[in-house]
Amino acid sequence: MSSPTRTPESLETSFAPFRQKMQAAGLSDSAIRAFRGSYAALLAGETGMIPEATISPAKDLPCADALTAPTADRAAGLLQQTVLIKLNGGLGTGMGLEKAKSLLPVRGADTFLDLIARQILRLRAQTGSEVPVFMLMNSFSTSADTAAHLAARFPELGGRETWELMQNKVPKVLAGSLEPATWPANPDQEWCPPGHGDIYACLVGSGWLQRLLGSGVRYAFVSNSDNLGATLDPAILAWFADSGMPFAMEVTRRTESDKKGGHLAVRLRDGRFLLRESAQCPKEDESHFQNIDLHRYFNTNNLWIDLQALKTALEENDGLIPLPPIMNKKTVDPRDGSSPAVVQVETAMGAAIECFQSAGAIEVSRTRFAPVKTTSDLLAVRSDAYELTEDFCLRLHPDRDGQPPHLHLDQKLCKLVDGLEQNFPHTPSLLHCRTLLVHGPVECGPGVIFQGNAVIHNHTSAPVKLQAGVHEGQISVG
């Protein structure tokens, strides 16, 4: 997409209807400024692409496993200055959910959110106070369900006014005219989430950044609510505080299952780290992007932020963090392919690594990275391939040697949670399973153990009834 050079006046003219629309929806000035920056890039014809020729692979990062834990007194002092923020805006629609994904049961009756709450309460019991500060970044879709769940299960965490950070929304842009999209049949479809890069505008626009700094909170640890391995580790917190860095990203070694995920790289023109997502990779560079030996480090979306440095950066950049935009081409109604073509402009919070001089990264083991994006991921974390530690962290079992099991479940039958639970009413043992491929219906009974490489090909409509015992190799039916 290209366009002639625009003057500041023409940018303001083009952006005026977006500003009016966002103001009418009650969005904050910081949210509007952030979207204006992304829209200016779209108007200028920027694609957000990061060619391979402009970067080099990240190398030789410090390793978290080599860190020494701080003393109990130092850890307590640092926790007094820290806020733990969990991104909790996702509905898990890809798995057929209509509520916050964090409300999915993951261990017995305990949900992701339950285990996060228990992590926080355990840390607070250790410090003997209401620290660390805990916040959830919700969307309008997850706010009510989340608040009701925490009020019923963990009232000691307080009301939503004490922990909620509300995600913004941004207008969809018509691909042809670059004007605000309209869809009278369903006006909600005129808006889209801005991506988790919205966290910086949210912190400012809500007033939370100033309140946190005013209460003595200096450091933020941000991670996804579906990643229960991402606990607030005092050793990494101390490393970050001692480093003086404004921003740091936790990365882990990429595996074949991560080859399409965002990786860390170094920008050649200024030597800064940057994050490259798959949507920012030109097609001709895809082989480089997916080369896990070349680009070794995968972004876990576990981030450490110096809030004072964030405040300074915002003041120096007209109240926004100039994140590189990601341009997603869609239709205004995603269920109607004949509806007008739009561009959804999003940003990734990890991309802020390129916006801070002296930002850094640290390599962590897979124990700090166990996200759930698919029902295959959900089955894995529910299984004994992951263990629940005494601090309520869900981590890859040590016997896995850092490698999660690779599951390929039948997408016609198991893509949605209801289908997963119909085929796997009992969670099998996956502790010693390298790969599991399931094609066709199954009914997993109690006591099923998958080992090594297991393959099930069922070409009939009747489910294969899996009985207790060890299953390895291939099972073919029909």
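Report yes if Ala175 is in contact (Cβ under 8 Å) with a residue 24 or more places away in the chain and surrounded by fewer than 17 Cβ atoms within 10 Å (Cβ to Cβ), otherwise no. So that I can check it myself, show each step before the final result.
Details: in contact (Cβ under 8 Å) with a residue 24 or more places away in the chain: yes; surrounded by fewer than 17 Cβ atoms within 10 Å (Cβ to Cβ): no.
Judged against the criteria, Ala175 is not a match.
Yes or no, residue by residue, for (1) touching a His at 6+ places or on another chain (Cβ under 8 Å); (2) not β-branched (Val, Ile, Thr):
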site: Ile305; (1), (2): no, no
site: Thr331; (1), (2): no, no
site: Ala348; (1), (2): yes, yes
site: Gly360; (1), (2): no, yes
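Of a type in the set (Gly, Ala, Ser), assigned by TED's automatic domain parsing to the domain that holds Cys355, part of a helix (DSSP H, G or I) and surrounded by 18 or more Cβ atoms within 10 Å (Cβ to Cβ) - does that describe any residue in segment 300-309?
Yes: one or more hits.
Here is a list: Leu150, Leu165, Leu178. Which entry is in contact with a helix residue (DSSP H, G or I) (Cβ under 9 Å, 6 or more places away or on another chain) and either part of a helix (DSSP H, G or I) or modelled with pLDDT under 95 (or both)?
Details: Leu165 fails: either part of a helix (DSSP H, G or I) or modelled with pLDDT under 95 (or both); Leu178 fails: either part of a helix (DSSP H, G or I) or modelled with pLDDT under 95 (or both).
None of the other options fit; the residue is Leu150.
Inside segment 330-347, can you point out the residues that are assigned to a loop (DSSP other than H, G, I, E, B) and surrounded by fewer than 21 Cβ atoms within 10 Å (Cβ to Cβ)?
Asp333, Pro334, Arg335, Asp336, Gly337, Ser338, Ser339, Pro340
Would you tally the residues in segment 84-141 being without any contact (Cβ under 8 Å) to a residue 24 or more places away in the chain and aromatic (Phe, Trp, Tyr)?
Result for segment 84-141: 0.
Just one of (1) touching a residue at least 40 places away in the same chain (Cβ under 8 Å); (2) outside any loop (DSSP other than H, G, I, E, B) trips up Arg211, so point out which.
(1)
Just one of (1) under 21 Å from the mean Cα position of the chain (by Cα); (2) not in a helix (DSSP H, G or I) trips up Gly216, so point out which.
Of the numbered conditions (1) under 21 Å from the mean Cα position of the chain (by Cα); (2) not in a helix (DSSP H, G or I), the odd one out for Gly216 is (1).
When only residues in segment 219-269 that are touching an Asp or Glu at 6+ places or on another chain (Cβ under 9 Å), part of a strand (DSSP E or B) and surrounded by fewer than 20 Cβ atoms within 10 Å (Cβ to Cβ) count, which is modelled with the lowest pLDDT?
Top of the filtered list is Arg253.
In segment 64-80, how many residues are in contact (Cβ under 8 Å) with a residue 40 or more places away in the chain and surrounded by fewer than 14 Cβ atoms within 10 Å (Cβ to Cβ)?
Residues of segment 64-80 in contact (Cβ under 8 Å) with a residue 40 or more places away in the chain: 64-65, 67-70, 74-76, 78-80.
Keeping just the survivors that are surrounded by fewer than 14 Cβ atoms within 10 Å (Cβ to Cβ) gives 65, 68-69.
Of the residues in that region, 3 qualify.
Mind listing just one residue for me: the one in segment 377-392 that is of a type outside the set (D, E, K, R) and surrounded by fewer than 22 Cβ atoms within 10 Å (Cβ to Cβ) and, of those, modelled with the highest pLDDT? Quick ask: steps written out before the conclusion?
At the first step, the residues of segment 377-392 found to be of a type outside the set (D, E, K, R) are 378-381, 383, 385-386, 388-389, 392.
Checking the rest, the ones that are also surrounded by fewer than 22 Cβ atoms within 10 Å (Cβ to Cβ) come to 383, 388-389, 392.
Values: Ser383: 98, Leu388: 94, Thr389: 92, Phe392: 93.
Out of the qualifying residues, it is Ser383.
Looking only at segment 178-218, filter to residues that are surrounded by fewer than 18 Cβ atoms within 10 Å (Cβ to Cβ) and among the hydrophobic types (A, V, I, L, M, F, W, C); which one of those is farthest from Asp333 (Cα to Cα)?
Leu213
Mind checking whether some residue in segment 312-329 is more than 26 Å from Met95 (Cβ to Cβ), in contact with a Lys or Arg (Cβ under 7 Å, 6 or more places away or on another chain), of a type in the set (A, V, I, L, M) and buried (at least 21 other Cβ atoms within 10 Å of the Cβ)?
Yes - at least one qualifying residue is present in segment 312-329.
Could we say that Gly445 is surrounded by 19 or more Cβ atoms within 10 Å (Cβ to Cβ) and assigned by TED's automatic domain parsing to the domain that holds Ala462 here?
Criteria not met by Gly445.
If we keep just the residues of segment 183-194 that are more than 11 Å from Ser339 (Cβ to Cβ) and in a loop (DSSP other than H, G, I, E, B), which is modelled with the lowest pLDDT?
Checked segment 183-194; the qualifying residue modelled with the lowest pLDDT is Pro193.
So, in segment 393-416, of the ones that are assigned to a loop (DSSP other than H, G, I, E, B) and either in the same structural domain as Asp306 (by TED's automatic domain parsing) or out of contact with any Gly (no Cβ under 8 Å at 6 or more places or on another chain) (or both), which residue ends up surrounded by the fewest Cβ atoms within 10 Å (Cβ to Cβ)? Write out each step before concluding.
Residues of segment 393-416 assigned to a loop (DSSP other than H, G, I, E, B): 393, 397, 401-405, 409-410, 415-416.
Subset that is either in the same structural domain as Asp306 (by TED's automatic domain parsing) or out of contact with any Gly (no Cβ under 8 Å at 6 or more places or on another chain) (or both): 397, 401-405, 409.
Numbers: His397: 16, Asp401: 8, Gly402: 12, Gln403: 12, Pro404: 19, Pro405: 22, Leu409: 23.
Here the residue is Asp401.
When you scan segment 146-169, do you find a residue that is in the same structural domain as Leu91 (by TED's automatic domain parsing) and within 16 Å of Val342 (Cα to Cα), even just one? Steps first, answer last, please.
Residues of segment 146-169 in the same structural domain as Leu91 (by TED's automatic domain parsing): 146-169.
If we keep only those that are within 16 Å of Val342 (Cα to Cα) too, we end up with 169.
Yes: segment 146-169 contains one or more residues that are in the same structural domain as Leu91 (by TED's automatic domain parsing) and within 16 Å of Val342 (Cα to Cα).
Which fully enclosed strands (runs of 3 or more DSSP E) of segment 28-110 have 2 or more residues being modelled with pLDDT of 90 or more and either within 22 Å of Arg122 (Cβ to Cβ) or within 23 Å of the chain's Cα centre (by Cα) (or both)?
Details: elements: 55-57, 82-88, 105-107.
In segment 28-110, 82-88, 105-107 are the strands (runs of 3 or more DSSP E) which contain 2 or more residues that are modelled with pLDDT of 90 or more and either within 22 Å of Arg122 (Cβ to Cβ) or within 23 Å of the chain's Cα centre (by Cα) (or both).
Here are some residues: Leu437, Leu430, Leu420. Which one is surrounded by fewer than 16 Cβ atoms within 10 Å (Cβ to Cβ) and of a type in the set (A, V, I, L, M)? Quick ask: steps written out before the conclusion?
Numbers: Leu430 fails: surrounded by fewer than 16 Cβ atoms within 10 Å (Cβ to Cβ); Leu420 fails: surrounded by fewer than 16 Cβ atoms within 10 Å (Cβ to Cβ).
Checking each option against the conditions leaves just Leu437.
List every residue pair whose Cβ atoms lie under 6 Å apart, where the two residues are 6 or more positions apart in sequence or sit on different chains, the first residue falls within segment 280-292 and is assigned by TED's automatic domain parsing to the domain that holds Met327 and assigned to a helix (DSSP H, G or I), and the second residue, located anywhere, is surrounded by 14 or more Cβ atoms within 10 Å (Cβ to Cβ) and aliphatic (A, V, I, L, M).
Pairs that qualify, where the first residue is assigned by TED's automatic domain parsing to the domain that holds Met327 and assigned to a helix (DSSP H, G or I) and the partner is surrounded by 14 or more Cβ atoms within 10 Å (Cβ to Cβ) and aliphatic (A, V, I, L, M), are Gln280/Met49; Gln280/Ile50.
Inside segment 359-376, can you point out the residues that are modelled with pLDDT under 95, small (Gly, Ala, Ser) and over 15 Å from the mean Cα position of the chain (by Cα)? Let's see the steps before the verdict.
Initial filter on segment 359-376 (modelled with pLDDT under 95): 365-374.
Adding the requirement that they be small (Gly, Ala, Ser) leaves 365, 370.
Of everything in segment 359-376, just one residue is modelled with pLDDT under 95, small (Gly, Ala, Ser) and over 15 Å from the mean Cα position of the chain (by Cα), namely Ser365.
Of the residues that make up segment 124-137, is at least one within 27 Å of Gly216 (Cα to Cα), of a type in the set (Val, Ile, Thr) and in a strand (DSSP E or B)? If you could, list the steps in order and put the result at the bottom.
Pass one, segment 124-137, residues within 27 Å of Gly216 (Cα to Cα): 124-137.
Now narrow it down to the ones that are of a type in the set (Val, Ile, Thr): 127, 131, 133.
Those still in the list that are in a strand (DSSP E or B) too: 133.
For segment 124-137, residues within 27 Å of Gly216 (Cα to Cα), of a type in the set (Val, Ile, Thr) and in a strand (DSSP E or B): present.
The values are calculated or read from the model by the stated rules, or taken from the named source; none is laboratory data. Note that the structure is predicted; figures quoted are calculated from it, not measured. All Cβ positions, glycine included, derive from the backbone under ideal geometry; neighbour counts span all protein chains shown.
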